[in-house]
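Trainee: This is the structure, below, for whatever I ask next.
The values are calculated or read from the model by the stated rules, or taken from the named source; none is laboratory data. Only a predicted model underlies this, so the values are computations on that prediction, with no experimental measurement involved. Here Cβ is always computed from backbone atoms with ideal geometry, including for glycine, and neighbour counts include all displayed protein chains. Surface areas here come from the heavy atoms of the whole protein model, side chains and all, with no ligands, DNA or RNA. Shrake-Rupley method; radii C 1.70, N 1.55, O 1.52, S 1.80 Å.
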Amino acid sequence: MNKVSLEARGIGLSYGATRVLRDIHLRVEPGEFFALLGPSGSGKSTLLRLIAGFAQHQSGELLVDGQDITGVPPHARNVGMVFQSYALWPHLNVWDNVAFGLVERRESREQIRSKTAAALDLVGLGDYGQRRPSQLSGGQQQRVALARTIVIAPRLLLLDEPLSNLDKNLRVQMRDEIRHLQRKLGLTTIFVTHDQEEAMTTADRMAVLDQGVLQQVGTAAELFDFPVNRFVAGFVGTANLLDGRVLQAQGDTFGFDAQGVGVLGFPRSAQVLQPGPAVMAFRPHQVEVRPAGQARDASRLWLQGQVEGAEFMGERTRYRVRVGQALLVADQTHAAGMPLIGAGQEVQLGIDRAQVRFLDR
Ligand code: ADP
């Protein structure tokens with residue numbers, strides 16, 4: 001199959017005075033499974049609809065394999081879209097739902113028969129052709145929606161929150177199935193989700209959107225390890241974020257004056273920092289929790305605090321700890337028999353300095 005690339009160059013879209021997408025630059029590589037991740041209202045669906053041709057941008061270019069498709073109507077784009085609601089025809093059986101697009105394209109009877117059968121087999125519903133959508137589970141309906149979309153051999157597959165109507169276990173299973181199918185077909189796929197775990201576990205790369213502005217593009221690990229700003233740090237995974245000021249470096253060290261906490265010392269590492277306002281970001285699992293007074297190793301940055309609450313999550317316990325005026329989150333890996341540290345107890349938090357990121361906004 002011919003795998004295509006997709007590129008957005010300076011895409012802008014407004015509804016009246018509302019700017020929904022602002023100067024979006026993005027390139028999705030051929031065969032890639034790409035996620036658009038962001039909170040509700042960030043413009044993800046609009047961007048997807050624009051690729052499908054259901055919305056029009058006012059500025060910029062949209063290219064498939066280098067060719068501008070801006071003026072091409074939806075039916076001529078050869079794009080397949082799967083919706084959250086599945087949008088199956090309730091009065092047609094599964095077979096006719098899947099065959100629909102082929103009939104519309106006036107393909108031969110034989111082609112319709114063999115392609116429909118192949119698509120249903122591909123999603124594991126070969127024996128369900130005669131059923132009505134109402135006689136299927138949510139996961140099965142979603143598979144029909146997928147079969148109906150891939151049967152027309154689209155150049156691009158667009159998925160708009162395809163899993164959000166399914167319960168948790170099924171969601172994980174369907175996410176693996178979709179990923180497997182996508183790999184098998186090698187289809188360039190763009191997947192919209194507000195769920196960071198879903199994006200991180202399925203996508204080759206993802207773009208994070210907030211208020212119509214593209215914040216960062218990268219693999220899950222790149223975004224998690226090196227977020228460019230506080231929004232990405234807080235949206236992809238959980239982050240402790242402390243506002244403050246980077247102070248003038250002295251010798252091999254520099255200070256960070258964290259609001260409500262005080263001046264913290266760091267080695268002058270690979271991160272070249274200008275003195276001035278910054279955000280200190282670090283992950284809860286990079287913080288060690290120790291009872292006050294217990295011996296500690298000097299390689300970490302230690303802060304005194306008081307536990308405000310604990311959530312036992314099985315693999316780990318998540319502590320909320322008041323340090324000065326800041327509330328920090330620290331995850332302790334759990335082992336059988338390990339007692340929980342109760343609210344009100346004094347603790348010390350050991351932060352791995354090498355894992356701290358300083359962000360400029
Ligand atoms: P997301 O998919 O990230 O939840 P959407 O792309 O659906 O976000 O919407 C982004 C913003 O655009 C929202 O503020 C929404 O209200 C607005 N919007 C979307 N479609 C329309 C429309 N047809 N007319 C006016 N505003 C719209």
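Trainee: Determine which single condition Met81 fails, assuming it passes every other condition in (1) away from the ligand (no atom under 16 Å from the Cβ); (2) modelled with pLDDT under 95; (3) in a strand (DSSP E or B).
Mentor: (1)
Trainee: Next question. Scan region 171-188 and tell me whether some residue there is open to solvent by less than 30 Å² (accessible area, probe 1.4 Å), outside any helix (DSSP H, G or I) and either charged (D, E, K, R) or touching a Leu at 6+ places or on another chain (Cβ under 6 Å) (or both).
Mentor: There is at least one residue in region 171-188 that is open to solvent by less than 30 Å² (accessible area, probe 1.4 Å), outside any helix (DSSP H, G or I) and either charged (D, E, K, R) or touching a Leu at 6+ places or on another chain (Cβ under 6 Å) (or both).
Trainee: Right, something else. Among the residues of region 6-42 satisfying the criterion of being under 21 Å from Leu157 (Cβ atoms) and either open to solvent by 10 Å² or more (accessible area, probe 1.4 Å) or at pLDDT below 95 (or both), which is nearest to the ligand (Cβ to nearest atom)?
Mentor: Among residues in region 6-42 that are under 21 Å from Leu157 (Cβ atoms) and either open to solvent by 10 Å² or more (accessible area, probe 1.4 Å) or at pLDDT below 95 (or both), the one nearest to the ligand (Cβ to nearest atom) is Leu26.
Residues are listed down the side, and each one gets a yes or a no for (1) away from the ligand (no atom under 13 Å from the Cβ); (2) over 30 Å from Leu122 (Cα atoms); (3) of a type outside the set (D, E, K, R):
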{"position": "Phe191", "(1), (2), (3)": "no, no, yes"}
{"position": "His194", "(1), (2), (3)": "no, no, yes"}
{"position": "Val208", "(1), (2), (3)": "no, yes, yes"}
{"position": "Gln216", "(1), (2), (3)": "yes, yes, yes"}
{"position": "Ala221", "(1), (2), (3)": "yes, yes, yes"}
{"position": "Asp225", "(1), (2), (3)": "yes, yes, no"}
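Trainee: If you go through region 100-126 one residue at a time, how many are in contact with an Asp or Glu (Cβ under 9 Å, 6 or more places away or on another chain) and either of a type in the set (A, V, I, L, M) or not assigned by TED's automatic domain parsing to the domain that holds Asn165 (or both)?
Mentor: So the answer is 3.
Trainee: May I ask you to list pairs of residues, at least six apart or on different chains, whose Cβ atoms are under 9 Å apart, with the first in region 338-359 being part of a strand (DSSP E or B) and open to solvent by less than 20 Å² (accessible area, probe 1.4 Å) and the second being hydroxyl-bearing (Ser, Thr, Tyr) and modelled with pLDDT of 95 or more?
Mentor: The qualifying pairs are Val347/Tyr319; Leu349/Tyr319.
To keep it simple, each residue is scored yes or no on (1) outside any strand (DSSP E or B); (2) without any contact (Cβ under 8 Å) to a residue 40 or more places away in the chain.
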| position | (1), (2) |
| --- | --- |
| Val279 | no, no |
| His285 | yes, no |
| Glu288 | no, no |
| Gln294 | yes, no |
| Asp297 | yes, no |
| Leu301 | no, no |
| Gln306 | no, no |
| Ala310 | no, yes |
| Thr317 | no, yes |
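Trainee: Among the residues of region 137-160, are any surrounded by fewer than 16 Cβ atoms within 10 Å (Cβ to Cβ) and within 16 Å of the ligand (Cβ to nearest atom)?
Mentor: No.
Trainee: Have a look at Arg353, Arg316 and point out the one that is touching a Ser or Thr at 6+ places or on another chain (Cβ under 6 Å) and closer than 23 Å to Phe224 by Cβ.
Mentor: Arg316
Trainee: Within region 220-227, is there a residue that is at pLDDT below 90 and either over 27 Å from Gly66 (Cα atoms) or hydroxyl-bearing (Ser, Thr, Tyr) (or both)?
Mentor: Scanning region 220-227 turns up no residue that is at pLDDT below 90 and either over 27 Å from Gly66 (Cα atoms) or hydroxyl-bearing (Ser, Thr, Tyr) (or both).
Trainee: So which of Gly71, Gly60 is open to solvent by 60 Å² or more (accessible area, probe 1.4 Å) and within 25 Å of Gly16 (Cβ to Cβ)?
Mentor: Gly71
Trainee: Does any residue of region 222-244 turn out to be without any contact (Cβ under 8 Å) to a residue 60 or more places away in the chain, out of contact with any strand residue (DSSP E or B) (no Cβ under 7 Å at 6 or more places or on another chain) and assigned to a loop (DSSP other than H, G, I, E, B)?
Mentor: Checked against the condition, which is being without any contact (Cβ under 8 Å) to a residue 60 or more places away in the chain, out of contact with any strand residue (DSSP E or B) (no Cβ under 7 Å at 6 or more places or on another chain) and assigned to a loop (DSSP other than H, G, I, E, B), region 222-244 yields at least one hit.
Trainee: Could you list, in sequence order, all residues of region 241-280 that are out of contact with any Lys or Arg (no Cβ under 8 Å at 6 or more places or on another chain) and among the aliphatic types (A, V, I, L, M)?
Mentor: Leu242, Val246, Leu247, Ala258, Val261, Val263, Leu264, Ala270, Val272, Leu273
Trainee: Same structure again: Among the candidates Ala298, Ala278, Ala310, single out the residue that is open to solvent by 40 Å² or more (accessible area, probe 1.4 Å), of a type in the set (A, V, I, L, M, F, W, C) and touching a strand residue (DSSP E or B) at 6+ places or on another chain (Cβ under 8 Å).
Mentor: Of the residues listed, the single one that is open to solvent by 40 Å² or more (accessible area, probe 1.4 Å), of a type in the set (A, V, I, L, M, F, W, C) and touching a strand residue (DSSP E or B) at 6+ places or on another chain (Cβ under 8 Å) is Ala310.
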